[in-house]
Each structure stands twice: as C-alpha cells, then as structure tokens.
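What follows is a short report on a single structure.
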Amino acid sequence: MRHDDGLSANSPDMRGRPADIESRREADSVIVAVAGEIDLSTADQLDAAIRQAEETETNRIVVDLSAMSFVDSTGLGVLLEAIKRDRRDGNRLSFAPSKHEGVVRLLDLTCTTEMFE
C-alpha cells in the first residue's frame, strides 16, 4: 500500500534550495559565488557567470562552491569545461570547495575532487 502525503517532486518541501549565483570583484579577482543547487535548470546560469568572469582582465577567478549544496552531471560538466578552457587560456581559475556531503560524494565518485580544491 502506498501512502500519499500530497507531496510531489515539485512541492516546496521536496525541492532543494534553488541556485543563487553572484559575481563580484575583489581587488584583482572576480569571485563567482554559488549557493544552492546546480542542475539541468541552473547550469546555464553558472556557465554564463563563469564565462563573463573569463572576459575580464583580472588575474584571478575564484568559483566559490562552499555554499553549493548539490550538483548534478550537467553542473559538473560546466565546471569541468571551465577548467579545460582555463588550462588553455591562462590558469586564472581556482575554487573554494563545497563541503556538502552530496557534492563531496559526487566529486569523489567521479575522481574530480582534486580539481576543485
């Protein structure tokens, strides 16, 4: 017997915190701060924010993932593509890693943890 409590995947109680992506300049750096969940519906926002930072003349771009609570394969793909572009274009990109269990687990499973430290 299935218990129906009225909650669906779209109910506020079943969704995580939506993404909040903010970019700011600090001295000679651009900080792209990511909070909440990065998934298929929000990965384009993250990609746009990183690409906008790449267009600046700053010496350093920091993608702060410390408040990112979830990332799916689409979001991970955006981050990996940014790393690939950075390796070709000047090594300005660094990360403040997430400590959220789901993010840490995904990075561990995909053997990408060291890329985001």
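The values are calculated or read from the model by the stated rules, or taken from the named source; none is laboratory data. Not measured: the values here are computed from a predicted model. Cβ atoms come from the backbone with ideal geometry, glycine included; neighbour counts cover every protein chain shown.
Structural remarks
- Every residue from the range 52-75 that is more than 22 Å from Thr113 (Cα to Cα) and either touching a Phe, Trp or Tyr at 6+ places or on another chain (Cβ under 7 Å) or outside any loop (DSSP other than H, G, I, E, B) (or both): Gln52, Ala53, Glu54
- The set of residues from the range 63-77 being over 15 Å from Thr110 (Cα atoms) and crowded, with 16+ Cβ neighbours inside 10 Å comprises Val63, Asp64, Leu65, Met68, Ser69.
- Failed condition for Gly36, given (1) at negative phi; (2) touching a residue at least 12 places away in the same chain (Cβ under 8 Å): (1)
- Residues in the range 87-103 that are farther than 18 Å from Ala43 by Cα and either part of a helix (DSSP H, G or I) or in contact (Cβ under 8 Å) with a residue 60 or more places away in the chain (or both): Arg87, Arg88, Asp89, Glu101.
- Applying the condition of being surrounded by 10 or more Cβ atoms within 10 Å (Cβ to Cβ) and outside any strand (DSSP E or B) to the range 9-27 and asking which residue is modelled with the highest pLDDT yields Ala19.
- Number of residues in the range 85-104 that are among the polar types (S, T, N, Q) and farther than 16 Å from Ile61 by Cα: the value is 1.
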